[in-house]
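Enquirer: One structure, pasted below without further comment.
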Amino acid sequence: MKKIIALIGLVLFIDLIAELIGMQVIMLGAIKISILPLVFAVLIGILLSLIPLAPIKKLYSPEIVKFAGKYMIFIMLPLMARYGANVAPKINEILSIGWVFLIHELGNLGTILFGLPVALLLGMRREAIGATLGLGREGELAYITEKYTLDSPEGRGVLGIYLIGTIFGSIVFSILAPLLLALGFDYRAIAMSSGVGSASMMTAASSALAALHPQNSDTIISYAAASQLLTSFIGTYIMYFLAVPLQRKIYNTFTRRLDANKEVAD
C-alpha cells in the first residue's frame with residue numbers, strides 16, 4: 001500500500017508540473033504545432049526514471065510498472081464515458097456519414113500491409129507477428145496473450161509495440177494532427193482518423209486539433225470519440241476475420257522467399 005500511495009503521489013506531482021507548463025505552441029515555418037500537457041507529462045515521467053536515486057528507482061520497479069499497466073484501464077473508463085457523452089449531441093451527423101467510419105476501420109490493416117514486410121526484411125521473424133498485428137493496444141495484446149502467451153516471441157513483439165506506443169504514441173499523435181491540418185487535410189477527416197484504438201493517442205490528436213480549431217472543438221471531439229468507439233468494437237472483428245488471416249498469408253509467403261534467398265546465398 002505504501003508503494004501505491006507513493007506512486008499516486010508521483011503521478012500527481014508529474015500532473016502538476018505538466019499543467020503548470022500548460023499547452024505550448026511551436027511554429028515550424030507556417031505549421032503551428034500545439035504541444036499538450038499530456039506530452040510534457042510523458043516526457044517528465046521518462047526523465048524521472050533516469051534519475052539514479054534509490055527512492056525514484058523503487059517507484060519504477062517492475063512490480064510498480066506491472067501494477068500501473070494492469071489497472072490503467074480503470075483510469076481510462078471515466079475518459080471513455082466522457083467521450084461517449086460527447087458523441088450523443090452529434091449522433092445524427094455521425095450516422096449520416098457512418099460508412100466513412102466503417103472504411104476508416106480498414107486502415108488498421110496498414111500495419112500488416114506495410115509494417116510486416118519491413119519487419120521481416122529487418123530480420124524479425126515470429127516477433128513480427130505480434131509487432132505488426134495492429135498498434136499493439138489492448139485488443140491485440142489480449143489476442144496475442146491468449147494465443148501465444150507473453151513469454152513467446154509473438155508476445156515480446158506485441159508487448160514491445162505496446163510499451164513504445166504508451167511512451168511515445170501521444171507525443172507523435174499530438175504533433176501529427178497539426179501537421180496534417182497544415183498540409184490541407186479537413187479537420188473532420190483528421191478527427192476521424194485519430195480514433196486508432198488508443199485512448200491516449202486519440203486524446204492527444206483530437207485535443208491538439210481542437211486547440212487549433214476551437215470553433216469546431218465539439219465536432220472534432222465527437223468525431224474522434226465515435227471513431228475510437230468503432231475501432232474498439234468493429235476493430236476486434238476486423239482483426240480476427242481479416243487481419244489475422246492476411247498476416248498469416250503475408251508472413252508465410254515472405255519467410256519462404258527470404259529463407260530460399262538465404263539458402264541460395266549460402
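The values are calculated or read from the model by the stated rules, or taken from the named source; none is laboratory data. The structure presented is a predicted model; accordingly, all values stated were derived computationally and were not measured. We place every Cβ from the backbone using ideal geometry, glycine too, and count neighbours over all the protein chains shown.
Enquirer: Does Val172 fit the bill of being more than 21 Å from Ser227 (Cβ to Cβ), at pLDDT 80 or above, out of contact with any strand residue (DSSP E or B) (no Cβ under 7 Å at 6 or more places or on another chain) and in the same structural domain as Ser198 (by TED's automatic domain parsing)? Reasoning before the result, please.
Expert: Numbers: more than 21 Å from Ser227 (Cβ to Cβ): no; at pLDDT 80 or above: yes; out of contact with any strand residue (DSSP E or B) (no Cβ under 7 Å at 6 or more places or on another chain): yes; in the same structural domain as Ser198 (by TED's automatic domain parsing): yes.
The answer is no for Val172.
Enquirer: Answer yes or no as to whether Ile250 is in the same structural domain as Ser170 (by TED's automatic domain parsing), more than 23 Å from Ala119 (Cα to Cα) and either over 17 Å from the mean Cα position of the chain (by Cα) or of a type in the set (Val, Ile, Thr) (or both).
Expert: Values: in the same structural domain as Ser170 (by TED's automatic domain parsing): yes; more than 23 Å from Ala119 (Cα to Cα): no; either over 17 Å from the mean Cα position of the chain (by Cα) or of a type in the set (Val, Ile, Thr) (or both): yes.
The answer is no for Ile250.
Enquirer: Quick one: in segment 115-168, which of the residues that are among the basic types (Lys, Arg) and under 19 Å from Ile238 (Cβ atoms) is surrounded by the most Cβ atoms within 10 Å (Cβ to Cβ)? Lay out the reasoning, then the answer.
Expert: Here is the first cut: in segment 115-168, the residues among the basic types (Lys, Arg) are 125-126, 137, 147, 156.
Filter once more, so that each one left must be under 19 Å from Ile238 (Cβ atoms): 137, 147.
Working: Arg137: 23, Lys147: 13.
My answer is Arg137.
Enquirer: Just the residues that are touching a residue at least 60 places away in the same chain (Cβ under 8 Å), under 17 Å from the mean Cα position of the chain (by Cα) and within 18 Å of Ile26 (Cα to Cα), please, taken from segment 179-214.
Expert: Across segment 179-214, the qualifying residues are Ala204, Ser207, Ala208.
Residue by residue, here is whether (1) in contact with a helix residue (DSSP H, G or I) (Cβ under 8 Å, 6 or more places away or on another chain); (2) among the aromatic types (Phe, Trp, Tyr) holds:
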| site | (1), (2) |
| --- | --- |
| Ala182 | no, no |
| Tyr187 | yes, yes |
| Met201 | yes, no |
| Ser206 | yes, no |
| Leu212 | yes, no |
| Ala224 | yes, no |
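Enquirer: Quick one: which residue in Ser198, Ser194 is surrounded by 13 or more Cβ atoms within 10 Å (Cβ to Cβ) and either over 17 Å from Leu176 (Cβ atoms) or touching a Lys or Arg at 6+ places or on another chain (Cβ under 9 Å) (or both)?
Expert: Ser198
Enquirer: Quick one: which of Ala211, Ala225, Ala205, Ala243 is modelled with pLDDT of 85 or more, assigned by TED's automatic domain parsing to the domain that holds Glu146, within 30 Å of Met23 (Cα to Cα) and in a helix (DSSP H, G or I)?
Expert: On the way: Ala211 fails: modelled with pLDDT of 85 or more; Ala225 fails: modelled with pLDDT of 85 or more; Ala243 fails: within 30 Å of Met23 (Cα to Cα).
None of the other options fit; the residue is Ala205.
Enquirer: Among Asn261, Asn216, which is the only one that is among the polar types (S, T, N, Q), assigned to a helix (DSSP H, G or I) and modelled with pLDDT of 85 or more? Even if it seems obvious, please write down each step before you answer.
Expert: On the way: Asn261 fails: modelled with pLDDT of 85 or more.
On inspection, the qualifying residue turns out to be Asn216.
Enquirer: Please give the helices (runs of 4 or more DSSP H) falling wholly within segment 1-110 in which 2 or more residues are surrounded by fewer than 16 Cβ atoms within 10 Å (Cβ to Cβ), at pLDDT 70 or above and basic (Lys, Arg). If you could, list the steps in order and put the result at the bottom.
Expert: Details: elements: 2-21, 37-49, 54-59, 62-70, 72-87, 91-96, 98-105.
Here the list reads 2-21, 54-59.
Enquirer: Assess whether Thr255 counts as being among the β-branched types (Val, Ile, Thr), in contact with a Leu (Cβ under 9 Å, 6 or more places away or on another chain) and surrounded by fewer than 19 Cβ atoms within 10 Å (Cβ to Cβ).
Expert: Details: among the β-branched types (Val, Ile, Thr): yes; in contact with a Leu (Cβ under 9 Å, 6 or more places away or on another chain): yes; surrounded by fewer than 19 Cβ atoms within 10 Å (Cβ to Cβ): yes.
Criteria met by Thr255.
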